[in-house]
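The values are calculated or read from the model by the stated rules, or taken from the named source; none is laboratory data. Source: prediction; values computed, not measured. Here the Cβ positions follow ideal geometry from the backbone for every residue, glycine too, while neighbour counts run over all protein chains shown.
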Ligand SMILES: [Zn+2]
Ligand SMILES: [Zn+2]
């Protein structure tokens, strides 16, 4: 096996964090904006987010949830409710205090002191409270229930340490908020959203996840139950990729969301909320990226197939372009993975090899190069991004099918790549969840400093609460570990709780996390 | 002809402004949020915006323009450039000055004085400057051109007097920004965007527009040319529904957007920008609404066909629901106007007649009621929203086709309604543009207070500039009139300028405007 010369400078195995940043810049997905904690999402990164949005939104609409749009500004009063119950309340938020800029007379600009808002406004960190207010207005009787709303929007949380896609001051997300007659209906919606997220992660993003309930200490404030999908990144850390909360009547109590029930009695609604964000794009990078850049699963690739004509700025270019355009049109007429094939004929100036590496780094699922010899033979030079290297020779693993044959098999090829990326990630995840550890010493050894990618542990526990749980969390924190969730699919537990020695009741995942 | 009892309390002819507000609330499109100048866009209003977005975005992508996302916050420095050139600069904008809220010790919350930003941030009123900065970073050589970007986002302009959809402090829009090698290419892009807007307005929104160049006084600051589409509302006023600007090298000069040209010389780019907003939804209301509520053109209707089973809470409901579900499935399998038919089976509790009027007010293009007798006869009761009244009887103009016949004709019916709404609006517009007025006295008479809907004038003018134009604008302002645009399609002008008496060079539209 020859040495492969990879496209990136940093290898995953050498410095995962630096590799992550290099993928983002090499794939031209995003960049620092100059505005603290905010990024510019560039076409390839935003195109992936748009694909996620489109597929998720189809699922949201299919469930009968309706999209709305709520104001970006939240009145201070909406936070006072929350602050009432908290000693020494302090929260990082972007606060608007003035509504005019004026010249300061020294060549600069200042907020106009004469245009100070009577009551400052907060840039929404979530729309939870303002949607709650709307629900309280909109719901009168059981006939108005369930009320199923969702919003796609930007939100701002003033973050001190940021990381592109994973933690930024401004990010894009969807937040679902629903109100129901009773517990059962609200819990069913909570789990529907959770399973929607699982399906989207696994079927669309090819990112295997564990769907389960978070332990008490990881619950969203005010939630009765918090569920999450957790994905394993290639460094073995967990990424919480989506959450769904059953809020009981707590939130309805605070916001006054009531209805007349079928007997005419005024009753509090049971509510839910659920969200995913541009964080998912970070998850895709750390699930599918390799030492040559990103690999985008076909379902969410802005372009699934990229055609690169080897142009020479000569008259021969013309038949070559015609040939490529014919291939493009034939592919664009196909349907793959339930949608029309997204194919790009990249005619930009520049050497084909340089452009090929551009698309390798971006991770277009299939790259086709066409030179005059290929054209004369009626062929194409095809590279699968999920398997670009011939491991024998260390060279690019091109194949050279007849164009008709390639077109005939293109839809299957895209489906195969989608499946291959999922399988690779699922096998890695399954190989890196360790079961059978029964003592805290073993836990410590498993996560010792010299163990590179220790993955996750699934341990039996007694599901402690309150102070006992706090102690468990502290013990884990000393090892830089967190409780992730209790998989819906885990086997029942017998034996002893690894933390308390009491009889175990379920299995919980323990991992380092983003 | 019997008296018709319309669904709204206010008639267009009685009080157009009040009628507009009533449509918005009767069709459940939006409501006041409690946050100054910001509205909540409810599912039906947002669904229409989503449809506009989807169709416009397809056109944007088809033109090779790529979507990006830029930060919501703009550094103060980006406005200093602009302020430098303006005496007594003052601009209404939402200014973020603090990044933390704390308890004030008296049960309230205040911005934490310890968390004051060194440099305030502005909530974007447009992303013009921050995208300009990005372009300056992204463009090196002619090979990087044209650079075609677009953003879908929320923006904030602190408005003193707001009106839902037409003028709100926060609104949703798209802003296209492009950079080019030369004047010709940039102007071609400016006009491509203009024609894209015209096509979207006319073909998708069924809203006829005049596409043309704005006079100098109406130009976007810094633009060399500003083009617009202008739509005529039912009260005869003009709505500027979209703009496209050719910015020459002015903007590139300010933001430092330069490239190495094919000869290796550093050269300024020619740039463009173009945008439409949620204002379009206001345009749809004032173009297509009637005294029974909204009428949504099928291409942008979230639901094109709504099926209402006449349920009685009895065992007979079951076969009726099965029958309706069969009709729904048959319709959903169809394609109309280039997309799958969007059909809703509305099973919510409530009387069918009340639900029918709900959907009439919302303006679903086709409403189907099904009772047991319809089912037994294999029929449907069908109401076209664009023609709901039998003008002879004053009753609802139901027809009763066999279900197979209705399904077979449904795609054609939707296309016919789309066309009918367009034709109605185009005929009204054409009937209300007056030509041949040649003196200012005639203009004043045409727009006298007792003339209800005077429409627009198309007058010949000498295209004055500078101080002469200023005087024209003042004269018109005294009559509450504005110059709209010079249609691309207008005939050449001969004769005399109505304002200056000089030889006329073109025809300009004069109108009251939103
Ligand atoms: Zn309370
Ligand atoms: Zn200057």
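Kindly establish whether residue A:165 is within 14 Å of chain B (Cβ to nearest Cβ), buried (at least 20 other Cβ atoms within 10 Å of the Cβ) and outside any strand (DSSP E or B). So residue A:165 passes the test. Of all residues in segment A:355-371, those that are under 26 Å from residue B:142 (Cβ atoms) and either part of a loop (DSSP other than H, G, I, E, B) or modelled with pLDDT under 95 (or both) total 2. Counting only strands (runs of 3 or more DSSP E) that sit completely within segment B:1-85, those holding 1 or more residues that are within 30 Å of residue A:35 (Cα to Cα) correspond to B:39-41, B:73-75. So, in segment B:1-52, of the ones that are surrounded by fewer than 18 Cβ atoms within 10 Å (Cβ to Cβ) and within 14 Å of another protein chain (Cβ to nearest Cβ), which residue ends up farthest from residue B:361 (Cα to Cα)? The qualifying residue farthest from residue B:361 (Cα to Cα) is B:34.
Tallying residues that are touching a residue at least 12 places away in the same chain (Cβ under 8 Å) and either outside any loop (DSSP other than H, G, I, E, B) or surrounded by fewer than 17 Cβ atoms within 10 Å (Cβ to Cβ) (or both) within segment A:127-139 yields 9. Considered as a group, the residues in segment A:429-453 that are surrounded by fewer than 17 Cβ atoms within 10 Å (Cβ to Cβ) and under 24 Å from residue A:294 (Cβ atoms) include one that is modelled with the lowest pLDDT, and that residue is A:452. Residue A:81 passes every criterion in (1) in contact with a helix residue (DSSP H, G or I) (Cβ under 9 Å, 6 or more places away or on another chain); (2) over 28 Å from residue B:77 (Cβ atoms); (3) surrounded by 15 or more Cβ atoms within 10 Å (Cβ to Cβ); (4) at pLDDT below 95 apart from (3).
Against the numbered list (1) farther than 26 Å from residue A:93 by Cβ; (2) within 9 Å of chain A (Cβ to nearest Cβ), residue B:170 comes up short only at (1). Might you let me know whether segment B:59-70 holds any residue that is at the interface with another protein chain (Cβ under 7 Å from one of its Cβ atoms), more than 24 Å from residue A:170 (Cα to Cα), in contact with a strand residue (DSSP E or B) (Cβ under 6 Å, 6 or more places away or on another chain) and touching a residue at least 40 places away in the same chain (Cβ under 8 Å)? Looking for residues that are at the interface with another protein chain (Cβ under 7 Å from one of its Cβ atoms), more than 24 Å from residue A:170 (Cα to Cα), in contact with a strand residue (DSSP E or B) (Cβ under 6 Å, 6 or more places away or on another chain) and touching a residue at least 40 places away in the same chain (Cβ under 8 Å), one finds none in segment B:59-70, hence no. Condition check: touching a residue at least 12 places away in the same chain (Cβ under 8 Å), farther than 14 Å from residue B:94 by Cα and within 16 Å of ligand 1 (Cβ to nearest atom). Does residue A:83 satisfy that? No: the conditions fail for residue A:83. Which of the residues that make up segment A:135-151 are within 11 Å of another protein chain (Cβ to nearest Cβ) and more than 28 Å from the chain's Cα centre (by Cα)? If the condition is that a residue be within 11 Å of another protein chain (Cβ to nearest Cβ) and more than 28 Å from the chain's Cα centre (by Cα), then A:137, A:138, A:141, A:142, A:143, A:144, A:145 are the ones that fit. For residue B:142, indicate whether it is more than 16 Å from ligand 2 (Cβ to nearest atom), free of Cβ contacts under 8 Å to residues at least 12 places away in the same chain, assigned by the TED database to the domain that holds residue B:36 and touching a strand residue (DSSP E or B) at 6+ places or on another chain (Cβ under 7 Å). Spelling it out, it is not the case that residue B:142 is more than 16 Å from ligand 2 (Cβ to nearest atom), free of Cβ contacts under 8 Å to residues at least 12 places away in the same chain, assigned by the TED database to the domain that holds residue B:36 and touching a strand residue (DSSP E or B) at 6+ places or on another chain (Cβ under 7 Å). Residues in segment B:259-279 that are under 19 Å from residue B:193 (Cα atoms) and in contact with a strand residue (DSSP E or B) (Cβ under 6 Å, 6 or more places away or on another chain): B:269, B:270, B:271, B:272, B:273, B:274, B:275, B:276, B:277, B:278. Condition check for residue B:107 on (1) more than 8 Å from chain A (Cβ to nearest Cβ); (2) not in a strand (DSSP E or B): one failure, at (1). The residue that is nearest to ligand 1 (Cβ to nearest atom), among those in segment B:259-283 that are part of a helix (DSSP H, G or I) and touching a helix residue (DSSP H, G or I) at 6+ places or on another chain (Cβ under 9 Å), is B:281.
Is it the case, given these coordinates, that residue B:119 is more than 9 Å from chain A (Cβ to nearest Cβ) and in a strand (DSSP E or B)? The answer is yes for residue B:119.
Listed here are the residues, each with its yes/no results for (1) away from ligand 2 (no atom under 16 Å from the Cβ); (2) outside the structural domain of residue A:137 (by the TED database); (3) at positive phi; (4) at pLDDT 95 or above.
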| residue | (1), (2), (3), (4) |
| --- | --- |
| A:26 | yes, no, no, yes |
| A:41 | yes, no, no, yes |
| A:66 | yes, no, no, yes |
| A:91 | yes, yes, no, no |
| A:94 | yes, yes, no, yes |
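Considering segment A:178-192, and only residues there that are in contact with a strand residue (DSSP E or B) (Cβ under 8 Å, 6 or more places away or on another chain) and part of a helix (DSSP H, G or I), the residue that is farthest from residue A:257 (Cα to Cα) turns out to be A:191.
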